[in-house]
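Reviewing the structure listed below.
Please treat every number below as a calculation from the coordinates, not as lab data. Bear in mind that the values here come from a model prediction, so they are computed numbers and not experimental data. Don't worry about glycine lacking a Cβ; one is built from the backbone with ideal geometry, like all the others, and counts go over all protein chains shown.
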Amino acid sequence: MNIRFETLALATVLIPEGRLDFGAAVGFQRQVEEVLAGAGSASAAVIIDCSALDYVSSAGLRVFLLATRAAQRAGISFALCALTPAVREVFDLSGFSRIISVHADRATAVAQAPQTPHE
Amino acid sequence: MRLGATVQESRGSAQDRAQRDRESRLPISVVAARRATQAATAPVRGLAELLLLRPGPYARVFENLILALIVLSVASIGVEAIPGLPAWATRALRVEEMAVVAVFSLEYLLRIVAARGKLAFIFSFHGLVDLLAIAPFYLAGVDARWLRVLRLLRLLRVLKLQTHILEATVAERTRELADKNAALEQAQAQIKAELDVARALQLAILPATFPAKPGCDGAARMIPATTMGGDFYDFIELSDGQIGLAIADVAGKGVPAAFFMAVARTNLRDLAARHADPGACLAQTNELLCAQNPMDLFVTVFYCVFDPRTGVLRYANAGHNPPYVRRADGSIEMLGGAGGVALGVMPGGVFPDHTVRLLPGDRLVLYTDGVTEAFNAADEAYGTQRLLAEVQAHGDGTAAALIERICRSVTSFAGTAPQSDDITLTVLTRQAP
């Protein structure tokens, strides 16, 4: 799995591409943790753009869960956006779309993020 | 065996023939000289093999002898420099020098013979140092004016010492590495053996047979993935004649998932006996799992309570793939009510109960995503459609037979691609009373 990064004015956007399965989960988790650790000073929000994510296994869901918790502890806004139908189904079936904030597209996710940089 | 031998013989004779052909073009004297050289070098090659190449007592003694002579010769260069040395001492030093050079020359010769690439050795650092260590002795006879300079050159024998020490260090490191590798391999074998035991235990705690009850037939199967997984199923005989059925999938893989699976299954089984409603049973299991979840793992669970007398199936779903009901007429329904949060994620979860009635001939199919997300070599998933096609095509036969058919279909679809996730299936058929 490949991960691209984009830094906006008030948000860091991660764009994972391909399949987030058990094998890819550990590497992805490390990347997300790094971004969250750096986000405290750099930007107010971390957004994961899932438009290029084809598949998420339960191990992948766990990374999103851990990231949500870590962001809450650190007071960083964290959200997912632009889920493909297959990934959306996994989130809906597992109930994760009820506990992780998911937006329809990136524009909405950015608009929902806090408008002032995090202290 | 016979054929192989024949081929080898014919290849051997072909080589001989080629050799003869090449030699037939050469003058007889050259051939004879080459043959003679080969015959003469054979014992030298044997000696090189014994003293340099093959590790053993001879090689060790030879190596130590060389080291001792290097030290001795460097020391005697120092002694030589002392002015007014008595004549007997000078003679002794001369004899010692000759002996040293003789052994070094032998060593140099043997190293050339033993080397795979002879020129490469001669021009290597090691080869040049060896040559410079003995060259002054031979050249001294040619022109005495160079004697003083050449004698100084003998000090280069210190470099010889360095190459020997380097070699010894490399050999030592290689040995250490080999030892460490062996220890690592042993540790790995032990871990693998323990994992195999753990996996066998994991399979053993799953019920092997469905409770024998009139009016229903059930079966289940779990095919563990290559790494330890966290799927499980369960049949629980409840006190009022009903049967609890569960299928579950723990997030991730490996030992943590397997542990979490064991804890989840034990809690669920325990609570199933105390809570008549599936939703309440899941909610209580969730509280217990959340209270003891240091790794932030979670498990999706579908749990239902089936009454074989009435065919009523009450169920609740905590984040699991919705099961399917195949009606006797071949139609297929997905059991709604999915979307409950997986267990272990957060306390306070509510799991509403739903009800469906199975009529005689109807069957319930529970599965984990190891079935639908079995990938083939072309990276395509088995998918729900293929699963449903199998379910629809096989309305008759036992529950076990349907599971067997689905498993065969999945494995033949996946082909040579490795099984990345546990494959778990449970089928319940209501029979005419």
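From the list A:Arg98, A:Arg62, which one is closer than 30 Å to B:Ala316 by Cα, within 12 Å of another protein chain (Cβ to nearest Cβ) and surrounded by fewer than 21 Cβ atoms within 10 Å (Cβ to Cβ)? Spell out how you get there, then give the answer.
Working: A:Arg62 fails: surrounded by fewer than 21 Cβ atoms within 10 Å (Cβ to Cβ).
Of the residues listed, the single one that is closer than 30 Å to B:Ala316 by Cα, within 12 Å of another protein chain (Cβ to nearest Cβ) and surrounded by fewer than 21 Cβ atoms within 10 Å (Cβ to Cβ) is A:Arg98.
Please go through region A:81-95 and give me each residue that is touching a Phe, Trp or Tyr at 6+ places or on another chain (Cβ under 7 Å) and away from chain B (no Cβ under 14 Å), ordered by number.
Correct list: A:Leu83 only.
Given (1) among the hydrophobic types (A, V, I, L, M, F, W, C); (2) within 12 Å of another protein chain (Cβ to nearest Cβ); (3) within 23 Å of B:Gly348 (Cβ to Cβ); (4) not in a strand (DSSP E or B), identify the lone condition not met by B:Phe302.
Of everything listed in (1) among the hydrophobic types (A, V, I, L, M, F, W, C); (2) within 12 Å of another protein chain (Cβ to nearest Cβ); (3) within 23 Å of B:Gly348 (Cβ to Cβ); (4) not in a strand (DSSP E or B), B:Phe302 misses just condition (4).
Consider only pairs whose beta carbons are under 9 Å apart and that are at least six residues apart or on different chains; among these, list those whose first residue lies in region B:197-212 and is within 12 Å of B:Ala258 (Cα to Cα) and whose second residue is loosely packed, with under 13 Cβ neighbours inside 10 Å and not aliphatic (A, V, I, L, M).
none
A:Phe78 passes all but one of (1) crowded, with 20+ Cβ neighbours inside 10 Å; (2) within 14 Å of chain B (Cβ to nearest Cβ); which number fails?
Of the numbered conditions (1) crowded, with 20+ Cβ neighbours inside 10 Å; (2) within 14 Å of chain B (Cβ to nearest Cβ), the odd one out for A:Phe78 is (2).
Those residues that are out of contact with any Gly (no Cβ under 8 Å at 6 or more places or on another chain) and small (Gly, Ala, Ser), I need them from region B:313-341; list them, please.
Matches in region B:313-341: B:Ser331, B:Gly336, B:Gly337.
Can you tell me which of B:Gly340, B:Gly336, B:Gly361 is out of contact with any Asp or Glu (no Cβ under 8 Å at 6 or more places or on another chain) and within 19 Å of B:Cys216 (Cβ to Cβ)?
Details: B:Gly340 fails: within 19 Å of B:Cys216 (Cβ to Cβ); B:Gly336 fails: within 19 Å of B:Cys216 (Cβ to Cβ).
Only one candidate passes the filter, namely B:Gly361.
Listed residues A:Ala39, A:Ala11, A:Ala24, A:Ala44; which is surrounded by 14 or more Cβ atoms within 10 Å (Cβ to Cβ), among the hydrophobic types (A, V, I, L, M, F, W, C) and under 25 Å from B:Glu373 (Cα atoms)?
A:Ala24
Say we look at region B:274-299 and pick out the residues that are among the hydrophobic types (A, V, I, L, M, F, W, C) and assigned to a helix (DSSP H, G or I); which of these is farthest from B:Asp362 (Cα to Cα)?
Among them, the one singled out is B:Ala291.
Here is a yes/no grid of residues against (1) surrounded by 11 or more Cβ atoms within 10 Å (Cβ to Cβ); (2) among the hydroxyl-bearing types (Ser, Thr, Tyr); (3) part of a loop (DSSP other than H, G, I, E, B); (4) touching an Asp or Glu at 6+ places or on another chain (Cβ under 8 Å):
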site	(1), (2), (3), (4)
B:Thr174	no, yes, no, no
B:Asp179	no, no, no, no
B:Gln186	no, no, no, no
B:Leu195	yes, no, no, no
B:Ala208	no, no, yes, no
B:Ala219	yes, no, no, no
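Can you report the number of residues in region A:18-59 which are more than 13 Å from the chain's Cα centre (by Cα), more than 12 Å from chain B (Cβ to nearest Cβ) and not aliphatic (A, V, I, L, M)?
Counting residues in region A:18-59 that are more than 13 Å from the chain's Cα centre (by Cα), more than 12 Å from chain B (Cβ to nearest Cβ) and not aliphatic (A, V, I, L, M) gives 5.
Hand me the list of helices (runs of 4 or more DSSP H) wholly inside region B:38-122 holding 2 or more residues that are touching a Gly at 6+ places or on another chain (Cβ under 9 Å) and farther than 23 Å from B:Leu156 by Cα.
Values: elements: B:57-80, B:87-114, B:118-122.
Ranges flagged: none.
For region B:73-102, which residues satisfy the criterion of being crowded, with 16+ Cβ neighbours inside 10 Å and of a type in the set (A, V, I, L, M, F, W, C)?
Matches in region B:73-102: B:Val74, B:Ile77, B:Leu93, B:Val100, B:Val101.
Which one is surrounded by the most Cβ atoms within 10 Å (Cβ to Cβ), of the residues in region B:265-279 that are of a type outside the set (D, E, K, R) and either farther than 24 Å from A:Leu65 by Cα or within 13 Å of chain A (Cβ to nearest Cβ) (or both)?
The initial filter retains those residues of region B:265-279 that are of a type outside the set (D, E, K, R), namely B:266-268, B:271-273, B:275-276, B:278-279.
If we keep only those that are either farther than 24 Å from A:Leu65 by Cα or within 13 Å of chain A (Cβ to nearest Cβ) (or both) as well, we get B:266, B:271-273, B:275-276, B:278.
Working: B:Thr266: 13, B:Leu271: 20, B:Ala272: 23, B:Ala273: 13, B:His275: 18, B:Ala276: 16, B:Pro278: 28.
It comes out as B:Pro278.
Can you tell me which residue within region B:232-253, out of those that are facing chain A (nearest Cβ under 10 Å) and of a type in the set (D, E, K, R), is surrounded by the most Cβ atoms within 10 Å (Cβ to Cβ)?
Here the residue is B:Asp249.
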